[in-house]
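**Q** Quick one: the structure is below, questions incoming.
Rule-based calculations on the coordinates, nothing more; no lab input. Being a predicted model, the structure only gives us computed values, none of them experimental.
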């Protein structure tokens, strides 16, 4: 079941010098029907004003994509089990480190989800852990990256 996912990335120099390495790293990510997000390099790597602190950097985007994918699978599996999730919040954290070649990469991501269930059928802590483990196993993004993914309070493996 191979299928494609597309985005458009647009950056423009806007007449600023380029060869002095003082060009803006701000750009736009455009998805699907025109949803646009301001992107930039990480302000830690390229300090403002050459980067934008109010933009999403690629590393944040990866961490958010992982957490979002995990959540969507969690919600689907909870629904199939007859649980009603009223809200779900996560505050994932990605950590950069050097790999075996000395290159920086997203080495680890810690998920910290909080799901609020309503209704008569309430999951046990074991059932919640099982839903998270299954979501992790099925998450497309988790299966695509080499970062170690952990969750506060739940063993994913």
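**Q** Helix-only estimate, please: 222 nm mean residue ellipticity of the chain, summing -39500 (n - 2.57) across DSSP H runs of length 4 or more and dividing by its residues, to the nearest 500. It would help to have the intermediate numbers written out before the result.
**A** Numbers: 2 runs with 37 residues, N = 157.
Result for the chain: -8000 deg cm²/dmol, rounded to the nearest 500.
**Q** Right, something else. Relative to the longest principal axis of the C-alpha atoms of the chain, give the angle of the C-alpha long axis of helix 58-80, reported between 0 and 90° and rounded to the nearest 10°.
**A** Taking the Cα atoms of the chain, the angle to 58-80 is about 20 degrees.
**Q** Here is a further query. Can you give the relative contact order of the chain as a percent, counting alpha carbon pairs under 8 Å and 6+ residues apart?
**A** Relative contact order of the chain: 16 percent.
**Q** Using only Cα atoms, locate the centre of region 4-39 and the centre of region 121-157, then give the distance between them in Å, rounded to an integer.
**A** 33
**Q** A follow-up question, please. Would region 4-68 count as rounded, prolate or oblate if I go by the C-alpha gyration tensor, calling it rounded below 1.5 in a/c and otherwise prolate when a/b exceeds b/c, oblate otherwise?
**A** Because a/c hits 1.5 or more and a/b fails to exceed b/c, region 4-68 counts as oblate.
**Q** Before anything else, pin down the relative contact order of region 31-100: Cα pairs under 8 Å, at least 6 apart, normalised by residue count, whole percent.
**A** Once divided by the residue count of region 31-100, the mean separation gives 24 percent.
**Q** I'm a student and want to see the number: the projected area of the Cα convex hull of region 58-151, averaged over all directions, in nm². Let's see the in-between values first.
**A** Numbers: hull surface 23.9 nm².
Its Cα hull, projected and averaged over all orientations, spans 6.0 nm².
**Q** Helix 125-138 against the longest principal axis of the chain: what's the angle in degrees, Cα atoms only, rounded to the nearest 10?
**A** Once rounded, one gets 50 degrees.
**Q** Report P(r) for the chain: all Cα-Cα distances, bin width 10 Å, range 0 to the bin holding the largest distance, values in whole percent.
**A** Cα pair-distance distribution for the chain, in percent: 9, 30, 31, 20, 8, 2, 0.
**Q** For region 50-140, what is the relative contact order in percent, using Cα pairs closer than 8 Å and at least 6 residues apart in sequence?
**A** Working: 104 pairs, mean separation 29.6, N = 91.
33 percent.
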